[in-house]
Amino acid sequence: VMTCFFTACNVVKRVKSTDYLLTENSFFINGQKKKSEELNNLSFQKKNAGLLGIPLRLHIYNLARPNKDSIFEAWLQKNPKRKQRLISKLSEKQLNQLKSSSIGFNRWLKKTGEAPILLDSLKINKTKLNLERYYFANGWFDRTVNYKVDTIGTKRAALKFEIETGTPYTIGEQSERIDSPVIDTLYKNLKSDSHLKSGEQFKISNFDSERSRLTTAFRNSGVYHFSEEYIRFENDTIGTENEVNITLQIQNRVIRNDDSIVRVPFQTYRI
């Protein structure tokens, strides 16, 4: 019964004639439709939440009246004798309580419900940029992201993002340039456990993990002044076939004086 009731309700009841209610937000990866929480989290443009395909909270919101307090007052004043008749039957205090209850229930409908989510060009473009950055950060450097908007009937629209990933880039040759002898020696013992493996797909998250791993290891080994900012990666794709050659760079420690900056090799501290 509830399903039939809500299905019969007009979901675009509170949508202006110049706006479009977003009824579908889909993603196509290399021509195949994909559903994943990760893709949804990247999207700024989302549709109304649904239960069994029905936007239940939107229907609840639509049950509320936009200006319930003024509507109630207009209804009360429409018949000159209505207000007095209700006061004589209920008392003025009870009439005010009736008005407060009516307005309070209307507010509850709005709070419990969900306002219609409209097609928003700003949110669409922010989502497009988010998707481009996401695929680039995971090795798809040649990706392209486009979108289409299809209007469906009156004041409804479907949004479709089309993503062509291209061939992913993998990690190629690895080398390092380390200025401090102490750091160089420590790194040689840490190198085998690197999060960056030649042949694996390029992912920014692995670089962040490696930077964090090395920083922790250096500091635990007594390099007291070391921080992640000293670790840099130089990535080179020139002349490679979908590979990224990586050079790890770690410079000497920076010491700032009143009017100068000097670099000195890192040292290990002891008790």
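Summary of computed values
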item	result
Residue list for the stretch 239-271, filter: over 23 Å from residue 178 (Cα atoms), of a type in the set (Val, Ile, Thr) and open to solvent by 90 Å² or more (accessible area, probe 1.4 Å)	271
Some residue of the stretch 17-28 being open to solvent by less than 60 Å² (accessible area, probe 1.4 Å), at pLDDT 75 or above, within 18 Å of residue 150 (Cα to Cα) and part of a loop (DSSP other than H, G, I, E, B)	yes
Complete set of residues in the stretch 202-220 that are farther than 30 Å from residue 141 by Cα and buried (at least 17 other Cβ atoms within 10 Å of the Cβ)	218
Failed condition for residue 199, given (1) closer than 29 Å to residue 253 by Cβ; (2) in a loop (DSSP other than H, G, I, E, B); (3) open to solvent by less than 70 Å² (accessible area, probe 1.4 Å); (4) not hydroxyl-bearing (Ser, Thr, Tyr)	(1)
Scan of the stretch 159-175 for residues that are crowded, with 16+ Cβ neighbours inside 10 Å and either among the charged types (D, E, K, R) or within 24 Å of residue 253 (Cα to Cα) (or both), ordered by number	174
Residue list for the stretch 142-189, filter: in contact with an Asp or Glu (Cβ under 7 Å, 6 or more places away or on another chain), among the aliphatic types (A, V, I, L, M), touching a residue at least 24 places away in the same chain (Cβ under 8 Å) and closer than 26 Å to residue 201 by Cα	171, 178
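The values are calculated or read from the model by the stated rules, or taken from the named source; none is laboratory data. These numbers were taken from a predicted model, which means no experiment stands behind them. Virtual Cβ from ideal backbone geometry, glycine too; neighbours counted across all protein chains shown. Accessible surface is based on the protein model in full, side chains and every heavy atom, while ligands, DNA and RNA are left aside. Shrake-Rupley method; radii C 1.70, N 1.55, O 1.52, S 1.80 Å.
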